[in-house]
């Protein structure tokens, strides 16, 4: 399991409106593409450096494809990164102010201290 890789995915996808839309519409395709093309690129680096070893686990991949923010949190994804990306993808589907954020929080309400470790 790589909390770093999960958080890198959430961070990089959230910062590109085209990737946000691809993730919303075709999560399996986007996750597979991102893992093959971007997972091993050095974050915020334009020199072409890359590693070769980082891969999602089956659980991580399944949670990303399912847009399952609760499972992502359990796996160590930072909740602020997940929330900002998921707001970009799903807030437009709601009619009430903060409706998506409240539903996001409600799904996480069963967690008690100590929370899952989100340190990378």
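Values quoted throughout were computed directly from the atomic coordinates according to the rules given, and no laboratory measurement underlies them. Worth saying up front: this structure is predicted, and the values here are computed from it rather than measured. Every residue, glycine as well, gets a Cβ built from its backbone with ideal geometry; the counts of neighbours run over all protein chains shown.
Going by how many other beta carbons lie within 10 Å of each one, how would you line up 31, 20, fewest first?
Details: 31 22, 20 17.
Final ranking by Cβ density, sparse to dense: 20, 31.
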For the chain, take the longest principal axis of its alpha carbons; what is the angle in degrees between that and the long axis of helix 27-37, to the nearest 10 within 0 to 90? 30 degrees
For the chain, find the longest principal axis of its Cα atoms and tell me its angle to the long axis of helix 3-14, 0 to 90°, nearest 10. 80 degrees
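For the chain, go through all pairs of different Cα atoms, get the mean of 1/r, take its inverse, and jot down that Kirkwood value in Å. Write out the running numbers ahead of the final one.
Details: mean 1/r = 0.0670 Å⁻¹.
Mean inverse Cα-Cα distance, inverted, gives 14.9 Å.
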Which of these, 106, 62, 39, has the largest mean-square fluctuation under a Gaussian network model of the chain (Cα springs below 10 Å)? 106
Proxy exposure order for 13, 65 (fewest C-beta within 10 Å first) is 65, 13
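For a quick protection proxy, order the peptides 82-89, 97-104 by their average other-Cβ count within 10 Å, most packed first.
Values: 82-89: 19.4, 97-104: 13.6.
By packing density, highest mean first, the sequence is 82-89, 97-104.
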Footprinting proxy, 110, 78: sorted fewest to most Cβ within 10 Å, the residues are 110, 78
Explain nothing, just the number: relative contact order of segment 3-108, from Cα pairs under 8 Å at least 6 residues apart, as a whole percent. 31 percent
